[in-house]
2 protein chains.
Amino acid sequence: MIKKTFFEERKTIKQVEESTSFAPKFDENGLIPVVTTDYKNGETLMQGYMNKEALQKTIELGEAIYYSRSRKTLWHKGKVSGLIQIIKEIRIDDDQDCVWLRVNVQGGSSCHVGYRSCFYRSVPFGKSVENKTKLVLKFTETEKVFDPEKVYKNSPNPTKL
Amino acid sequence: MIKKTFFEERKTIKQVEESTSFAPKFDENGLIPVVTTDYKNGETLMQGYMNKEALQKTIELGEAIYYSRSRKTLWHKGKVSGLIQIIKEIRIDDDQDCVWLRVNVQGGSSCHVGYRSCFYRSVPFGKSVENKTKLVLKFTETEKVFDPEKVYKNSPNPTKL
């Protein structure tokens, strides 16, 4: 339960877009998407979600706390793996329906598969895919930062098919 | 209608996370979230959504085509404003339910309010918000790149309360 809330009521487009009023929009599931990037090099590390409680606690603590859709619970990132995300800056977008976190990651990795970033594969596009019916992803990271089997042990894999 | 598709069936977690198979996951509304950052400085510009057709066309064209949830239609970013996003790299995340676009923006702006990035305000956090009940956003951009009233003329504002 949230005792207090930092969130203001959304009243006008001008208030939401052009003022200093903090009035984030949570979707029909009560969630707001969050983009998390590395403070030092700008790399996109992951994309997750927060509910009101997670966003409130993240702001208070200064460490990233997401809402896990697969586990249906708050998820203090790094509590199991040690890969805590220390927040350096929080931004909100124009219509206040997305949060951008700029973080330093303890341990230098933020992906449960073991890579530095969750976005460790690129997708071919443009002229190179003309007349193709199948795309082959390319790994942009070649070595894992940690061994997920050792770190997470018997925790279930969060990926859903 | 999509005649061909680049997307493979999602069969196993190993295939999705550890292989070169491109098998993106679209949510219950048929959408996948997209994070768009500036290729040159790494700044997060916007967060949007694509449906299958938008992602297929984006890959083929090499320019960002989103799905507008407010207008319920494909949205070739920049077709009205001239602020086309030229794709330099496309990444997919570990469980393939999020796309990261690295782009060069024609005109140097990607926000309908007129700023360079949609994330032009920061949210205070940590010690500075102790005992606060209201947060005051801080503008991180002080000047608009363009005047939205001149560029979009009578187009309706996409922000929903």
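Of A:Thr142, A:Thr73, A:Thr58, which has the largest mean-square fluctuation in a 10 Å C-alpha GNM of chain A? Highest fluctuation of the listed residues: A:Thr142. Listed as lacking a disulfide-compatible partner in chain A: A:Cys98, by the criterion of no other cysteine Cβ under 4.7 Å.
Computed from backbone phi with θ = phi - 60° and the Karplus coefficients 6.51, -1.76 and 1.60, the 3J(HN,Hα) list for region B:106-112 is 5, x, x, 9, 9, 10, 5 Hz; x is used for glycine and proline. Relative to the Cα centre, the charge distribution of region A:107-161, modelled as +1 at Lys and Arg Cβ and -1 at Asp and Glu Cβ, gives a dipole magnitude of about 180 debye. Say a paramagnetic label sat at a point 7 Å from the Cα of B:Lys150, along Cα to Cβ; which residues of region B:105-123 have their backbone N under 17 Å from it? Answer for region B:105-123: B:107-116. FRET efficiency for the A:Gln15 to A:Lys40 pair, using the beta carbon distance and R₀ = 22 Å, is estimated at 0.05. Specify which residue in the list A:Thr142, A:Leu74, A:Ala64 is farthest towards the positive end of the charge dipole of chain A, using unit charges on the beta carbon of Lys, Arg (+1) and Asp, Glu (-1), about the Cα centre. Result: A:Thr142.
Quantify how much of the Cα-Cα distance distribution of chain B extends past 29 Å, in percent. Percentage above 29 Å: 28. Modelled label positions at B:Lys134 and B:Leu161, each set 7 Å beyond Cα in the direction of Cβ, lie 1.8 nm from each other.
Summarising the overall dimensions of region B:62-114 from its C-alpha atoms, the Rg and Dmax are 12.0, 34 angstrom. Nearest-to-axis residue in chain A, judged by Cβ distance to the rotation axis that brings A onto B and given in whole Å, is A:Gly42, 1. Normalised by 2.2 N^0.38 Å, where N is the number of residues, the alpha-carbon radius of gyration of region A:25-119 equals 0.99. Count the DSSP beta bridges whose two residues both fall in chain A, then state the antiparallel fraction as a percent rounded to the nearest 5. Expressed as a percentage, antiparallel bridges in chain A total about 80.
The relative contact order of chain A comes to 19 percent, based on Cα pairs under 8 Å that sit 6 or more residues apart.
Rounded to the nearest 20 debye, the dipole size of the protein assembly as shown about its Cα centre is 300 debye, using +1 on the Cβ of Lys and Arg and -1 on the Cβ of Asp and Glu.
GNM remark for chain A: springs join alpha carbons under 10 Å apart, and the peak mean-square fluctuation among A:Lys144, A:Lys11, A:Lys79 falls on A:Lys11.
Taking one quarter of the surface of the convex hull spanned by the alpha-carbon atoms of region A:1-69 gives a direction-averaged projected area of 5.9 nm².
For region A:58-161, the set of GluC sites (Glu not before Pro) satisfying both a DSSP loop assignment and a count of at most 11 other C-beta atoms within 10 Å is given as A:Glu130, A:Glu143.
Take each residue of peptide A:31-42, count the partner chain Cβ atoms within 10 Å of its Cβ, and average: the result is 3. With runs of 4+ DSSP H residues as the only contributors, calculate the mean residue ellipticity of chain A at 222 nm using -39,500 (n - 2.57) per run, divided by the residue total and rounded to the nearest 500. So the helix-based figure for chain A works out to -3500 deg cm²/dmol. For region A:85-152, the fraction of C-alpha pairs farther apart than 16 angstrom is 65 percent. Roughly what % antiparallel, to the nearest 5, for the DSSP beta bridges in the protein assembly as shown? Antiparallel bridges: around 80 percent, rounded to the nearest 5. Along each principal axis, taking the top coordinate minus the bottom one, the Cα set of the protein assembly as shown gives 50, 50, 33 Å in descending order.
Between B:Gly62, B:Gly78, B:Gly42, the Gaussian network model of chain B with springs among Cα atoms under 10 angstrom shows the greatest mean-square fluctuation at B:Gly42. Remark: for residue pairs A:Lys11/B:Lys40; A:Lys127/B:Lys52; A:Lys153/B:Lys14; A:Lys4/B:Lys25, the C-alpha separation exceeds 28 Å in A:Lys11/B:Lys40; A:Lys4/B:Lys25.
Each value in this text was obtained by applying a stated rule to the coordinates, not by laboratory testing. Predicted, not measured: the structure shown is a model, and the values here were computed from it. Using ideal geometry, Cβ is built from the backbone for each residue, glycine included, and neighbour counts are taken over all protein chains shown.
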